[in-house]
Amino acid sequence: MIDHRVRALRALAREGTVTAAAEALHLTPSTVSVQLRQLAAELGVRLLEQDGRRVRLTPAARVLLEHAEVMYGEWERLQQDLERFRPGDGGPRRLRVTAVASALAAVVAPAVRALSLENGRAAVAVEVTEDPEEDRLRLLAAGTVDAAVVIPVAGEPALREAERLGIRQFPLLTEPMDLLVPAGHRLARRSAVAFRELADESWIRAGDPRDQHQLLLAAAEAAGFRPRVAHGAVDWHAVAGLVGQGFGVCLYPRTAPDPSGPAAAAARRVRLSGGGAAGAVPSRRIVAAVREGADESPGVARLLLALQDAGRRVAERQTPDPAP
C-alpha cells in the first residue's frame with residue numbers, strides 16, 4: 001500500500017493548512033503534523049517550511065507529490081487487476097458515487113438502474129449519495145468515493161486543484177437554465193426572458209453554493225449586473241416554495257422537476273433567451289469525475305458509459321431554447 005503519510009501530504013497540498021487537511025482526512029491536526037514529520041525524517045528531506053503562521057511545501061515535497069500522483073494512478077490500476085483473484089462471487093467491489101441532487105435524479109439514478117438491468121454481464125454494485133455539505137471533488141481526491149458527478153465552474157480553486165491532482169473529467173450534459181418566478185410576477189406569462197432584464201430582481205441563492213450559485217454570479221456578470229441575493233436554500237422544493245411565495249426569482253435547472261405542493265405550485269418556469277452581450281443562455285455543464293487510472297477499471301468504465309448514455313438521453317428530451 002502507498003504510505004498513508006503521503007496521503008497526509010497530498011491533503012495538505014490540496015487544502016492549504018494542516019487544520020484543513022486534518023479535517024478532510026478525519027484526523028486531528030496533531031496527528032497530521034506527526035505523520036508529516038515522520039515522513040520527512042524517513043526520507044531525509046525537508047517537506048515543509050514556515051511561512052508566517054502557515055507552512056508551505058518545499059521543492060522536495062513537490063517532487064514527492066509528482067511521483068505520488070503516478071503511484072496513485074498505478075494503485076488504481078493494480079486494484080482492478082487484482083479483482084479477479086479476490087474471494088467472493090468474482091464481482092467487482094461496490095462503487096461509490098456522489099452527485100449534485102438534480103443530476104443524481106436525472107442522470108445518475110437512470111444510469112445505475114441501466115447497469116442493474118444489463119444482461120449477460122457481471123453486476124456492478126453502486127452506492128449513490130448526495131453529500132450536500134461536502135466538497136465532492138475533495139471526497140474523490142481523498143478516495144472516499146469512486147466517482148463524482150459535479151458542476152465544474154471555470155476558475156474554481158477546487159477544479160484547478162482536481163486537474164493538478166490528476167482527476168479526469170468526462171462530459172455528461174450541457175443543460176440550459178430556466179428562470180423561476182412567482183405566478184403573479186410581471187414576467188410569469190412571457191415565453192422567454194433575456195437575462196439582462198433581471199438586473200433589478202431579488203434573487204434566491206438556489207442549490208449548492210459551491211457550484212450552482214457561481215452560475216448565477218457568472219451569468220449576472222456577463223449581463224452587466226450584480227444580483228441582489230435576498231434568501232437562499234439548497235433543496236429545490238424549498239427553493240420553489242420561496243419563489244412561489246414571492247421572496248425572489250432564481251435560476252432553475254432544466255432537469256429539476258416542476259414545482260409541486262401548495263407553496264411551490266405558485267411558481268412558474270420561464271425560458272431564458274440570453275444573457276450579456278453575447279446573448280448566451282445561462283447553462284451548466286455536468287461532468288463525471290474519476291481519479292487518474294480509475295477509468296481503466298471495467299466497473300468504473302461501465303459506470304462512465306452508463307452515465308454518458310443517460311446524459312445523452314436527457315439532452316435528447318430537451319426542447320430548443322427560444323432565440324434571443
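The values are calculated or read from the model by the stated rules, or taken from the named source; none is laboratory data. Since this is a predicted model, take the numbers as computed values, not measurements. With ideal geometry, Cβ positions are generated from the backbone for all residues, glycine too; neighbour counts draw on all protein chains shown.
Below, the figures for the structure above:
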item	result
Residues being of a type in the set (Gly, Ala, Ser) and either touching a residue at least 12 places away in the same chain (Cβ under 8 Å) or not assigned by TED's automatic domain parsing to the domain that holds Leu65 (or both) - total across segment 17-54	3
Criterion: in the same structural domain as Ala188 (by TED's automatic domain parsing), within 20 Å of Ile151 (Cβ to Cβ) and surrounded by 18 or more Cβ atoms within 10 Å (Cβ to Cβ) - qualifying residue of Ala289, Ala310, Ala267, Ala223	Ala223
Within segment 158-236, strands (runs of 3 or more DSSP E) holding 1 or more residues that are in contact with a Lys or Arg (Cβ under 7 Å, 6 or more places away or on another chain) and modelled with pLDDT under 95	167-182, 192-194, 228-233
Condition check for Arg189: in contact with a Gly (Cβ under 9 Å, 6 or more places away or on another chain), surrounded by fewer than 22 Cβ atoms within 10 Å (Cβ to Cβ) and basic (Lys, Arg)	no
Yes/no for Ala278 being at pLDDT below 90 and either surrounded by fewer than 16 Cβ atoms within 10 Å (Cβ to Cβ) or over 11 Å from Asp178 (Cα atoms) (or both)	yes
Filter pass, Gly207 being out of contact with any Cys (no Cβ under 8 Å at 6 or more places or on another chain), under 14 Å from Val181 (Cβ atoms) and either β-branched (Val, Ile, Thr) or buried (at least 16 other Cβ atoms within 10 Å of the Cβ) (or both)	no
Tally of residues being within 20 Å of Asp135 (Cα to Cα) and surrounded by fewer than 14 Cβ atoms within 10 Å (Cβ to Cβ) across segment 20-60	2
Single residue of segment 135-157 satisfying the filter (small (Gly, Ala, Ser) and under 19 Å from Gly16 (Cβ atoms)) that is modelled with the lowest pLDDT	Gly155
In segment 219-243, the residues that are within 23 Å of Ala264 (Cβ to Cβ) and of a type in the set (Lys, Arg)	Arg228
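Rundown of residues vs (1) among the β-branched types (Val, Ile, Thr); (2) at pLDDT 85 or above; (3) in a helix (DSSP H, G or I), yes/no style:
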position: Arg37; (1), (2), (3): no, yes, yes
position: Glu42; (1), (2), (3): no, yes, yes
position: Val55; (1), (2), (3): yes, yes, no
position: Met71; (1), (2), (3): no, no, yes
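Residues checked against (1) within 18 Å of the chain's Cα centre (by Cα); (2) free of Cβ contacts under 8 Å to residues at least 12 places away in the same chain:
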position: Asp235; (1), (2): yes, no
position: Cys250; (1), (2): no, no
position: Pro259; (1), (2): no, no
position: Arg269; (1), (2): no, no
position: Arg317; (1), (2): no, yes
